[in-house]
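Everything below concerns the one structure shown next.
The values are calculated or read from the model by the stated rules, or taken from the named source; none is laboratory data. Just so it is clear, the model here is predicted, and its values are computed rather than measured. Ideal geometry is used to build each Cβ from the backbone, glycine not excepted, and the neighbour counts take in all protein chains shown.
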Amino acid sequence: MGPLLLKLLLQGVLLFDTLAWYVSMPSEIYGLQGSCLVIPCSFYYTSYPPKDPRRVVWYQWVSRGYPLVYDPWHLNDVIEKFRWKTDLYGDPSNRDCSLLIKNLELSHHGEKLYAWIDPENVGWRTYAFYDVTSTIVVHTQPQQPSIYIYGGERTGDTVTVACSAFHTCPYSKPTITLNGVEGSDEIRDESIKNSLWKITLTRTGVIITERSTIKCSVTHYGGITVTATKDKSAECAHHKISIEPGLADVTEGVAKNFNCSVYHSCQKEDPTITWNYENMQVTKGNKKPSGLNKISYSNITFLAAKEDNGKELICTATFSGANFKASVVLRVHQYQKPASPTQNETYFQHVADVIPKITALPRSCVVIPCSFKMEEEYVTRLRVLWVTKKGGYMFHTDPVDVLDNFKGRTRLLGNPDEQNCTVEMDNVQTNDNGPFCVRAERENERYSFNNSCVFIIMRASPDKPVMSSLPEDIEPGTRVTIKCSVNHTCSSHPPQITWSIPTARETISHSHMGGGVWETVSAVTFIPTGYEEKDEIVCTANFWGGKTQENTAFLIIRLSKYRLIELNPIFI
């Protein structure tokens, strides 16, 4: 046998011996300071079996010597940085030699460790265990968890939220808590590769709000917690909008309530509900019947004018980025005077002069003109009373007898001895329509009158002031007179008229126009200078009760030559 052949045979025997044993572990493994770490390890052999296959010892790799990291036979001989901190995680009977480090410290960073199977019987000539090492890399901060959201595009939809975190400690898995969505949970912990595990909490629930923050907290072994958040937005569902009642039969000047209801599932955004009529009493609110459904509503106390007949009453619900409308067609009827009620007591019939209908402005006052004639030429010591159609007193000389809803709001302006029964109602309410009828008493005698009842037609807005026309091309320094007039039915508290310009003189007059309507006129004189900042005059009528109306007239003032030079300077 030649030398070459002998050499090849010897190398084959050595290779066979080397391949007879095999140990596998990651060359580098990452762990979290203060947590635990499992170094995956497995072994395999085809020959030279160990006498004690359950005997596994871990060492620190050094150039000389065999410092112990884990040895159940010699626990006190384990080097200090690993003493009482290591244990065997794997089952050697399944050829698993994985090592558990229960409390990873910063001092463990960079340590190279290796496992030896049955070191008392399997020598280094059989297998060089120290050639297969794993280097520990210690991180001081955990990696943030990852949040994934699937579905839930609209409120009420099913949504799936998954929160995942990586770890290297299957010995004690991290705990995951999820906030921002409720539902059923599923937890899965899987090995990604030899040294890395991934734990995932998946929650399936229902989106209940348009904007929410999903918060995922992961607590690793050792009490180290890290948190991640992710915002979730969803469109809320708008189901329908409706107005009740659907038939809009209304009486001129008589309040009628309409309700606009918006059905939706928006939890953080309520719609803005508006009506196409202003100066009406409106109340708003929300109701939540069940689950995610929600009803936003707006009630309007509608006061119709005769010119509203055939027009639409429109309710608009505005969400961010979307408008929804509902409407009803108004059918306005005029008030029909009822037949005179049959009186249960004996009255003396006389004649009164009461206008059958008068307009009034809610929260303001109304003065109802009234006079009467008696058959006797002179009747004194009469008590004038005003009654409702049900017989209660709108006005009585004894305040105790006045209905509660009229107490302190009515007073007699006329003198009964002069056959004047004029009455004032203050702080008019939208349902103070009447009719109201005048009666009289004297001792045991009671008097009723023909043409004695009035019906009050409520108006949502006061009349707009009327302004007299201004001359064109006004010369600066010229006195200009302008009038502003407004009609009303509250003669005891007439409107206050104000101007947007300084006035040199003002004259106020009040005139009865008939039918309970009064006119207040403000006549002012002003002198334009040509330097006015605005080219308009505004007349504002401030009505008793707080409502206002205004009108505007435009000024055309001739510019003086000095003003022209200012506006168009000449440069020399």
Could you please find all residues in the stretch 43-82 being in contact with a Pro (Cβ under 8 Å, 6 or more places away or on another chain) and of a type in the set (Lys, Arg)?
Arg54, Arg55
Among the numbered conditions (1) among the aromatic types (Phe, Trp, Tyr); (2) exposed (fewer than 12 other Cβ atoms within 10 Å of the Cβ); (3) modelled with pLDDT of 90 or more, tell me where Trp386 comes up short.
(2)
In the stretch 260-304, anything assigned to a loop (DSSP other than H, G, I, E, B) and either surrounded by fewer than 16 Cβ atoms within 10 Å (Cβ to Cβ) or at positive phi (or both) is listed as Lys268, Glu269, Asn276, Glu278, Asn279, Lys288, Pro289, Ser290, Gly291, Asn293
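Of Ser195, Ser212, Ser184, which residue is of a type outside the set (A, V, I, L, M) and surrounded by fewer than 19 Cβ atoms within 10 Å (Cβ to Cβ)?
Ser184
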Under the condition of being crowded, with 19+ Cβ neighbours inside 10 Å, farther than 18 Å from Pro399 by Cβ and in contact with a Cys (Cβ under 8 Å, 6 or more places away or on another chain), which residue from the stretch 419-434 is modelled with the lowest pLDDT?
Gly434
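Looking at Val486, is it crowded, with 16+ Cβ neighbours inside 10 Å and at pLDDT 90 or above?
Judged against the criteria, Val486 is a match.
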Does at least one position in the stretch 426-435 carry a residue that is in contact (Cβ under 8 Å) with a residue 40 or more places away in the chain and under 18 Å from Ala541 (Cβ atoms)?
yes
Restricting the first residue to the stretch 290-310 and requiring it to be under 23 Å from Leu330 (Cα atoms), which pairs with a second residue that is among the acidic types (Asp, Glu) and surrounded by 19 or more Cβ atoms within 10 Å (Cβ to Cβ) meet a Cβ separation below 7 Å and a spacing of at least six or different chains?
Ala304/Glu252; Ala305/Glu252; Lys306/Glu252
Residues in the stretch 236-246: is at least one more than 28 Å from Gly31 (Cβ to Cβ), over 22 Å from the mean Cα position of the chain (by Cα) and surrounded by 17 or more Cβ atoms within 10 Å (Cβ to Cβ)?
yes
For residues that are surrounded by fewer than 19 Cβ atoms within 10 Å (Cβ to Cβ) and either of a type in the set (A, V, I, L, M) or not in a strand (DSSP E or B) (or both), scanning just the stretch 169-181, find the one that is farthest from the chain's Cα centre (by Cα).
Tyr171
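Rundown of residues vs (1) among the β-branched types (Val, Ile, Thr); (2) within 30 Å of Gln141 (Cα to Cα); (3) touching a strand residue (DSSP E or B) at 6+ places or on another chain (Cβ under 9 Å); (4) in contact (Cβ under 8 Å) with a residue 40 or more places away in the chain, yes/no style:
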| position | (1), (2), (3), (4) |
| --- | --- |
| Ala20 | no, no, yes, yes |
| Ser42 | no, yes, yes, yes |
| Trp61 | no, yes, yes, yes |
| Arg64 | no, no, no, no |
| Pro67 | no, yes, yes, no |
| Val78 | yes, yes, yes, no |
| Glu105 | no, yes, yes, yes |
| Trp116 | no, no, yes, yes |
| Phe129 | no, no, yes, yes |
Would you point out which residue out of Thr213, Thr219, Thr227 is assigned by TED's automatic domain parsing to the domain that holds Cys163 and in contact with a Cys (Cβ under 8 Å, 6 or more places away or on another chain)?
Thr227
Take the stretch 250-259 and flag every residue that is in a strand (DSSP E or B) and either within 14 Å of the chain's Cα centre (by Cα) or among the charged types (D, E, K, R) (or both).
Lys256
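Out of curiosity, is Lys357 surrounded by 16 or more Cβ atoms within 10 Å (Cβ to Cβ) and at pLDDT 70 or above?
yes
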Just to be sure I understand, how many residues within the stretch 21-40 are in a loop (DSSP other than H, G, I, E, B), over 53 Å from the mean Cα position of the chain (by Cα) and of a type in the set (A, V, I, L, M, F, W, C)?
1
Between residues in the stretch 320-332 that are among the aromatic types (Phe, Trp, Tyr) and residues that are crowded, with 19+ Cβ neighbours inside 10 Å, which pairs lie under 6 Å by C-beta distance while being six or more apart or on different chains?
Phe324/Ile241; Phe324/Ala317
Matching residues, the stretch 281-317, being over 12 Å from Cys260 (Cβ atoms) and within 24 Å of the chain's Cα centre (by Cα)
Gln281, Asn286, Lys287, Lys288, Pro289, Ser290, Gly291, Leu292, Asn293, Lys294
Would you check which residues across the stretch 430-467 are closer than 25 Å to Asn276 by Cβ and among the charged types (D, E, K, R) and list them?
Arg459, Asp463, Lys464
So Val206 clears everything in (1) among the β-branched types (Val, Ile, Thr); (2) out of contact with any Lys or Arg (no Cβ under 8 Å at 6 or more places or on another chain); (3) in the same structural domain as Lys325 (by TED's automatic domain parsing) except one condition, right? Which one?
(3)
All but one of (1) of a type in the set (Val, Ile, Thr); (2) under 30 Å from Thr155 (Cα atoms); (3) touching a residue at least 40 places away in the same chain (Cβ under 8 Å) hold for Ile224; state the number of the condition that does not hold.
(2)
Members of the stretch 432-456 that are in contact with a helix residue (DSSP H, G or I) (Cβ under 9 Å, 6 or more places away or on another chain) and either closer than 21 Å to His493 by Cα or of a type in the set (Phe, Trp, Tyr) (or both)
Asp432
